[in-house]
Each structure stands twice: as structure tokens, then as C-alpha cells.
Amino acid sequence: MDETLMKAAVSPLLEWYRVCKRDLPWRKARSFYTALVSELMLQQTRVEAVKERYVLFLQRFPTPEALAAASEEEVLKMWEGLGYYSRARNLHKAAKILAAEGLPQDFNGVRALPGVGDYTAGAICSIALGLPQPAVDGNVLRILSRLYADGANIDEPATRARFSELLRAAYPPETGDFCEALMELGAIVCVPNGAPLCGECPWQALCRAHLAGEEENYPVRSEKKARRVVDATVLVLQCGDKFALEKRPAKGLLAGLWQFPFFEGDAPDLGEVVAEKRAKHIFTHVEWRMRGKLVRIDAELPRYVWATADEIARTYAVPSAFRAFMEWVR
Ligand code: ADE
């Protein structure tokens with residue numbers, strides 16, 4: 001591939017980033033630990049959803065030692081609503097490793113931490129260790145496939161590997177800024193949905209897709225598989241001032257988190273239905289179409305854990321898939 005184009009693109013990108021970057025909490029004080037926390041939180045999750053939670057998380061767990069010493073339940077509670085909860089468990093495990101063994105110093109050491117894949121390892125190395133390790137996700141692939149007007153399918157590992165090597169060869173000494181500038185361009189200019197804001201782009205004069213007026217023809221992707229639809233019934237069982245909770249299975253979707261009694265298809269008749277509503281929740285590969293029922297009963301069923309609204313709010317991590325039904329919990 002044409003390495004001169006990539007090298008010519010570095011300075012305009014860095015200059016643009018210095019002026020236009022968003023003021024985000026993880027861009028203030030930087031350490032290995034804060035980079036690890038922010039990059040894990042930002043996997044698959046929007047910056048807007050992460051901002052506030054990142055600050056609260058670091059207030060509660062300011063060091064790897066503080067996080068390592070916490071219970072898993074509390075870590076999950078601090079992750080509540082962010083989704084993909086295996087990230088929280090992995091971060092907890094990673095903090096224990098850092099607390100016991102100190103910080104890794106190279107790519108392989110970072111990549112070996114739980115929850116850290118190639119992209120996240122590249123980002124942490126670039127941001128926290130000053131190493132020229134590319135971090136290539138869908139956003140970076142989009143901006144590069146436009147810069148090069150490259151018609152290769154970005155869902156193919158070979159395409160990712162090719163762009164990754166191209167970046168590696170172009171890395172400037174400002175490794176962290178470069179890494180985040182690529183992300184930033186993909187987030188606020190060369191946006192994923194809708195037309196890119198080419199008028200604001202530092203690569204206007206370089207971008208081959210833009211010069212050809214074909215930015216919307218890139219990137220080329222595989223067709224997405226349709227999501228599987230699951231119909232379910234969720235019972236908010238109330239007995240006095242307590243509500244029934246159950247723990248989800250240890251494996252699979254929302255593993256080990258708390259939920260209201262959940263039934264695929266219909267639920268058994270357990271008592272008087274006092275309110276009903278529908279809600280849906282979209283996961284990466286599955287869509288839940290839920291019918292929620294508020295049911296009052298006279299005796300606590302022993303198969304569930306019973307908790308007051310206040311206890312639920314303070315100590316049980318209930319994923320946002322069930323948020324619509326929380327209005328009954330008071
Ligand atoms: N997405 C992943 N990492 C990010 C970062 N450091 N800043 C903004 N968005 C990101």
C-alpha cells in the first residue's frame with residue numbers, strides 16, 4: 001500500500017486533534033490504570049454513556065489495589081447499565097494481576113491481561129506506554145478505507161492486518177495523541193451513521209474517497225445477520241415492600257447479574273396482575289421482546305431473593321434491559 005499517503009496524513013491529524021479534541025475525563029490525568037479502565041469501558045459503548053460512569057468508578061476504585069480489594073458484586077454494581085458485564089469481571093481480574101505483579105511494560109504483557117484484545121492492547125500501549133502499537137477498530141477502518149478509497153471488506157481480518165501495518169509504519173512519537181486522534185476523527189467527523197462532515201476534516205485534501213465524491217461508498221462491509229428475536233415474560237413479583245430477584249445463569253447473556261423472574265415465552269400464573277407493559281432490549285445478536293407484569297402475592301416464594309426497592313438500588317446490579325420495569329419498584 002501507499003505509505004506516503006499515510007505519512008502525509010499524520011501531521012494534519014495531530015494538529016486538528018490538538019485544537020478540536022473533546023474534553024473527556026480520561027484525557028486529563030493519564031496512567032496505565034486509567035487507560036485500562038477507560039478503554040475497557042469504551043469497548044462497544046458510547047463515549048456519552050461512559051463519561052460520568054468512568055468518573056464515579058475511579059472515585060470508588062482510584063487504584064488497581066482498591067479495585068482488586070473490592071467484591072465482584074460491588075464491581076458489577078458500579079458497572080450497572082454499561083452492558084457487556086464480562087468487561088467488569090475482566091477488569092476486576094486485571095486489577096488483581098496489576099496489584100500483585102505490577103504494570104506490564106510491553107504489548108504482549110498488556111495483551112495478556114483479561115479482557116484486553118488487540119485493539120485495546122494497542123490503545124493502552126499507545127496512550128499509557130508511549131509504544132507505537134496500532135489500535136484498529138471499526139471506526140479506524142472506516143476512516144482509513146475512505147482515506148485510501150480502499151474497497152476491501154473491513155470485516156476481513158486481512159484488511160485489518162493491512163491497515164494495522166500501515167499505521168505501525170507511520171506512527172509519530174506522540175503515540176497517545178495519534179491513537180486517540182484516529183478515534184476522534186472517526187467519532188466526530190468521519191462518523192459511522194450518516195454523511196461524514198468532510199468540511200471539518202483535516203484530511204480533506206488527502207482523502208481519496210472525498211476527492212472522488214465517493215465517501216459514502218466506503219467502507220465495504222459484510223452483510224449483517226439478522227438478530228434472533230426472543231419473546232419473554234418478566235414478572236415483577238411484589239410481596240409487601242419486597243421484590244423477587246433471581247441471578248441469571250453463570251454463562252451467557254448478562255451472566256450472573258440480577259433480574260426479575262424471567263421466563264422465555266409465557267410465565268406461570270403466580271398471582272394478581274396489577275399492571276402490564278411491554279419493553280424490548282437489543283443486544284448484539286439477540287432482541288428481547290418482553291411483556292412485563294407487576295404481580296402482587298401474599299407470601300414470599302423461597303426460590304427467589306427478596307429485596308426492598310432501596311436494597312435493589314444500593315446493592316444489586318440489575319442490567320438496563322430491565323429498566324422499563326424499575327418504575328414498579330418503589
Ligand atoms: N473509544 C475507545 N477509546 C477511546 C478514547 N480513548 N477516547 C474516545 N473514544 C474512545
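Take the alpha-carbon centre of segment 288-330, take the same for segment 212-269, and report the distance between them in whole Å. Cα centroid of segment 288-330 versus Cα centroid of segment 212-269: 15 Å apart.
Nearest-5 percent of antiparallel DSSP beta bridges in the chain?
On the way: 21 of 33 bridges.
Restricted to the chain, the bridges split so that about 65 percent are antiparallel.
Compared with the dominant principal axis of the Cα atoms in the chain, helix 118-128 is inclined by about 70°. Does segment 250-302 come out rounded, prolate or oblate by the C-alpha gyration tensor, with a ≥ b ≥ c the root eigenvalues, rounded set by a/c under 1.5 and, if not, prolate when a/b is larger than b/c and oblate if not? It is oblate, given that a/c is not under 1.5 and a/b is not larger than b/c. Note on the chain: with charges restricted to the Cβ of Lys and Arg (+1) and Asp and Glu (-1), its dipole about the Cα centre is near 320 debye.
Can you pick out the pairs among 96/247; 7/28; 51/251; 247/293; 51/77 whose Cα atoms lie more than 21 Å from each other?
Numbers: 96/247 25 Å; 7/28 28 Å; 51/251 29 Å; 247/293 19 Å; 51/77 17 Å.
Pairs exceeding the cut-off: 96/247; 7/28; 51/251.
One chain, two ends: residue 100 and residue 52. Fully extended at 0.36 nm per residue, the span grows by 14.4 nm beyond their Cα-Cα distance.
Dipole orientation for segment 164-323: of the candidates 183, 239, 201, 239 has the Cα lying most toward the positive pole (charges on Cβ; Lys, Arg +1; Asp, Glu -1). For segment 299-315, backbone phi angles converted through the Karplus equation (6.51, -1.76, 1.60; θ = phi - 60°) give residue-by-residue couplings of 9, 5, 7, x, 6, 10, 8, 10, 9, 6, 4, 5, 5, 5, 5, 8, 10 Hz, Gly and Pro being listed as x.
Spin-label model, residue 165/residue 4: points 7 Å from Cα along the beta carbon direction are separated by 2.0 nm.
Calculate the length of the line joining the C-alpha centroid of segment 17-81 to that of segment 109-154, in whole Å. What the calculation gives is 19 Å, centre to centre. Straight-line reach from residue 21: taking Cα to Cα under 13 Å and skipping same-chain neighbours fewer than 8 places apart, the aspartates and glutamates in range are 177, 180, 184, 200.
The numbers here are math on the coordinates, done by the rules we state, and not lab data. The structure displayed is predicted, hence computed values, not measured ones. Cβ coordinates were reconstructed from backbone atoms using ideal geometry, including for glycine residues, and neighbour counts include every protein chain displayed.
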